[in-house]
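Right, one structure below, let's go through it.
The values are calculated or read from the model by the stated rules, or taken from the named source; none is laboratory data. Every value quoted in this text rests on a predicted model; they were computed, and no experiment measured them. Neighbour counts are summed over all protein chains in view; Cβ atoms, including those assigned to glycine, are modelled from backbone coordinates with ideal geometry. Ligands, DNA and RNA are stripped out before the accessible areas are found, and what is left, the full protein with its side chains, is counted by its heavy atoms. Shrake-Rupley method; radii C 1.70, N 1.55, O 1.52, S 1.80 Å.
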Amino acid sequence: MAFWEKVNSIKDLKALSIKELGSYAEEVRAHIIDTVENNGGHLASNLGTVELTLALDYVFDVPNDKIVWDVGHQSYTHKIVTGRRDSFKYLRQSGGISGFPRPSESEADCFIGGHSSTSLSAALGLARARNLSGQNYNVISVIGDGAMTGGMAFEAINDIGVSREKLIIILNDNKMSISRNVGAFSNYLARLRLSRPYAKFKYNLKRGVSALPFFGDKLVKIFEHTRDNLKTLLLSDKLFENLGIKYYGPFDGHNIQNTVELLRQVKNENRPVLIHLVTTKGHGYRKAQTDPEKFHGITPKTDESPTQTYSFSEVFSDKICELAVKDNRVVAVTAAMESGTGLEKYFKKFPNRAFDVAIAEQHAVTMSAGMAKGGLKPYFAVYSSFLQRGFDQIIHDVCIEKLPVTFIIDRAGVVGADGVTHQGIFDLSYLNLMPNMTVFTPKDGDELKDMLEFSLDFNAPLAIRYPKTYVKRHETHTPPKPGKWEILRTVSSNKYILAAGNRTIDVAMNIEEANIVNARCVKPLDFSLLDAINLASNQIITLEDNVLSGGFGNAVRNYITSKNNHASVECLGHDGFVDDMNIESSLLGCGITSENIKKLLKM
C-alpha cells in the first residue's frame, strides 16, 4: 500500500501531509482488521480511534510527550506508528507484542494500561512530576466515555480541576464501553452531542477570524467572551468548566484535519483542557460498526471451540434465569460486562431485576451489599481481574456483616492473549484472607449448576470462580457443601493430588498413579478429609490456577504443618505475575502438566 511501508516511527508519520494522513488512516484500518481477524483482539474500539491516534502522534512529540491510554485496548494504531509496524502481525501471541500499552515493550508507551478509569490519575501524576522536576513536556490522557463512568475517574477530575496543572484530556465518546453505556454521565454526554452543530460553527468561526490581519486576535478575544455567554444560554450543562477544566467540543473524531488543528490550538494551553471527540466504534468496517459489542473483542479465525460442550458463562446464563423464575429475590448485577459474563439473556427476561452500574466495581459490590441487607439475593457477575478493584468493599461492606452476596467470578485463572493485566490469578489468595467468605470452584458445568442451586439458600458471602474455558463433563457428582471435597479417583497409592478448579482437575485425571481429590471448596478447606489424607499418605500435590502466595496450596500446607506432617506437600501454581499470552504455556510454566506431576510423584 502507498504509505504503510513508509511509516514505522513518529518521524515518518510527521513527514506525511495532512491529506496523506487521511489515506494512511485507511491503510492502518485495513491492517488492523486483517491482523485482529487472524490473531484475535479488540477490533471495534481500535477502528474507532485510528484518526484520533494518528492526530495525537502527528501533533505531539512522543516519547518526550506522554500519552496515557485508558484501558489501552484501543492503542493498536499507536503501536503501529511507534516502531512496531513489522511486529504487529504477532499481536497478542507468545513472544509478540501486547494488546495493551506496555512500557517494557516501547518507550512510546509511557504507562501500562489494561484496566479502566486509571489514565486521569496517572496523567495528573506525570504532570505534577514534570513540574516539580523542572521538565517541559505535554501530558495527554485518552479516556473513553465508558471509562469516565468509573469512580476513580471522577476522583481524578476533582483533583485535576483544582490543581490547574497543564494537562490535556481527550474524551473519546463512542457511547460504548464493552456493552452500551448506561447512567447519568452517559446521558450528560448525549446532551452535549446535540450541540455539535454549534461546536462546529464556533470552531470554524474562530479559525476564520484569527486569520484576519491586525484585528484577528482582538476579535478572537471578543468572540470568546461572547461565545461563553452564548454557551451559557444554549447549554445549561457546563460540568467540566464548572470543575475548572476548559472544555472544547464536541467535535467529529474521524475528521483528521480538524482534529490535528484543534490539538495544535490547545497544545500550548497552560491549564487543564478537555477535548470532546465523538467517534464511532468499528468505524470503517460495516460489520463492527453495526454490532460493536460483538466485535469489541474477537477470537482468532483458527479458534474452534468444542461443539459438544458449552462454556461456564453459558451455564451460568441458563441457571441464573432458572433461579430468578424460582425466587423473586434474585437480582443480577454487572459492571458494564452484561455480554461477557453471560447476563444478556437474564437482562432481557428480567429487566426489573437486572442492574448494570457501568464501570464501577466498587459501587457494584457495596450496592449488592445494600440489596442483600434489604432482603434480596444479589449475584454480582464480574471478571476476576476486575473484582480486584472492589477488594475493600468486599471486606468492609459484605464480609463484616456476613451479607449473602454471591460473587460470580468469570475469567478466573490465566486468560491467554490479554496478558498480564487481565490474568485472574489472585482471587483465591485475596478471598482466602476474608473472614466469613466461602469460595467454590467447580470442576464442570453440572457442578456449577449445583453450586448456584446451593447459593440460593446460603445466607453468607459466597464466591464461585471459574475460567474462560469450555466445560469437560466428569462422571462423579455429589452435592457441594462448604468445607467438603469430593474424591474423583481412589487407587492403591499413598500419593494424593488435590486439584482446585476444572483446568487442574483435567490435568490430574490423566494421572493414574495417585488418588485424585476435587478440592471444590477452597475456603474453608475440608479439614476432616485433610486429616485422613495426612495420615494415609506420604506425598500430597496441590494444583491451582492461581498464585501460590496466599492461595489454596499454601492453606493446605499450613494446615498439614500445624497437625505435624505425615505427608510432604508440594504446591503447584503461578509464581507472581504471568506475562504469557498462551494458556497452555502458562500452565506449563508453573508445572501443571501431567508429565511434570508424574515426575514429582516418582521422587
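For the reader, a short list of remarks on this structure follows.
- On inspection, Glu37 does not qualify as part of a loop (DSSP other than H, G, I, E, B) and either in contact with a Leu (Cβ under 7 Å, 6 or more places away or on another chain) or modelled with pLDDT under 95 (or both).
- Scanning segment 349-369 for residues being touching a residue at least 24 places away in the same chain (Cβ under 8 Å), not in a loop (DSSP other than H, G, I, E, B) and not polar (S, T, N, Q) gives a total of 10.
- Condition met for Ala153 (in contact (Cβ under 8 Å) with a residue 24 or more places away in the chain and in contact with a Phe, Trp or Tyr (Cβ under 8 Å, 6 or more places away or on another chain)): no
- Test set (1) open to solvent by 10 Å² or more (accessible area, probe 1.4 Å); (2) modelled with pLDDT of 95 or more; (3) closer than 13 Å to Ile408 by Cα - Thr441 fails condition number: (1)
- For segment 467-477, the set of residues classified as open to solvent by 40 Å² or more (accessible area, probe 1.4 Å) and either part of a strand (DSSP E or B) or closer than 27 Å to Thr341 by Cβ (or both) consists of Lys468, Tyr470, Lys472, Arg473, His477, listed by residue number.
Conditions tested, residue by residue: (1) more than 18 Å from the chain's Cα centre (by Cα); (2) small (Gly, Ala, Ser).
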| position | (1), (2) |
| --- | --- |
| Glu51 | yes, no |
| Leu54 | yes, no |
| Ser117 | no, yes |
| Leu120 | no, no |
| Ser133 | yes, yes |
| Tyr137 | yes, no |
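- Residue tally, condition closer than 24 Å to Thr341 by Cα, touching a residue at least 40 places away in the same chain (Cβ under 8 Å) and open to solvent by 10 Å² or more (accessible area, probe 1.4 Å), over segment 483-515: 1
- The residue pairs whose first member lies in segment 247-268 and is at pLDDT 90 or above, whose second member is surrounded by fewer than 17 Cβ atoms within 10 Å (Cβ to Cβ) and not in a helix (DSSP H, G or I), and whose beta carbons are closer than 9 Å, counting only pairs six or more residues apart or on different chains, are Tyr247/Lys238; Val266/Lys246.
- Counted residues, segment 376-391 - those being open to solvent by less than 10 Å² (accessible area, probe 1.4 Å) and either in contact (Cβ under 8 Å) with a residue 60 or more places away in the chain or in a strand (DSSP E or B) (or both): 8
- For segment 508-544, filtered to residues that are in contact with a strand residue (DSSP E or B) (Cβ under 9 Å, 6 or more places away or on another chain) and among the hydroxyl-bearing types (Ser, Thr, Tyr), the residue that is nearest to Val414 (Cα to Cα) is Thr542.
- Among the numbered conditions (1) modelled with pLDDT of 90 or more; (2) within 16 Å of the chain's Cα centre (by Cα), the only one that Gly113 does not meet is (1).
- Within segment 482-522, if we keep just the residues that are acidic (Asp, Glu) and farther than 19 Å from Phe440 by Cα, the residue that is modelled with the highest pLDDT turns out to be Glu512.
- Flag set for Phe454, criterion: in contact with a Pro (Cβ under 6 Å, 6 or more places away or on another chain) and either in contact (Cβ under 8 Å) with a residue 12 or more places away in the chain or part of a loop (DSSP other than H, G, I, E, B) (or both).
- Yes/no for Leu601 being in contact with a His (Cβ under 6 Å, 6 or more places away or on another chain), more than 30 Å from Gly40 (Cβ to Cβ) and not aromatic (Phe, Trp, Tyr): no
- Of all the criteria given as (1) out of contact with any strand residue (DSSP E or B) (no Cβ under 6 Å at 6 or more places or on another chain); (2) open to solvent by 40 Å² or more (accessible area, probe 1.4 Å), the one not satisfied by Leu548 is (1).
- Here Gly146 clears all of (1) without any contact (Cβ under 8 Å) to a residue 60 or more places away in the chain; (2) closer than 27 Å to Val278 by Cα; (3) among the small types (Gly, Ala, Ser) except the condition numbered (1).
- Scanning segment 403-442 for residues that are assigned to a loop (DSSP other than H, G, I, E, B) and among the small types (Gly, Ala, Ser) yields Ala412, Gly416, Ala417, Gly419.
- Residue match in segment 527-545 (condition: of a type in the set (D, E, K, R) and free of Cβ contacts under 8 Å to residues at least 60 places away in the same chain): yes
- From the list Val357, Val331, the one residue that fits, being over 20 Å from Met148 (Cβ atoms) and among the β-branched types (Val, Ile, Thr), is Val331.
- Inclusion of Asn546 among residues that are within 27 Å of Leu462 (Cβ to Cβ) and modelled with pLDDT of 95 or more is warranted.
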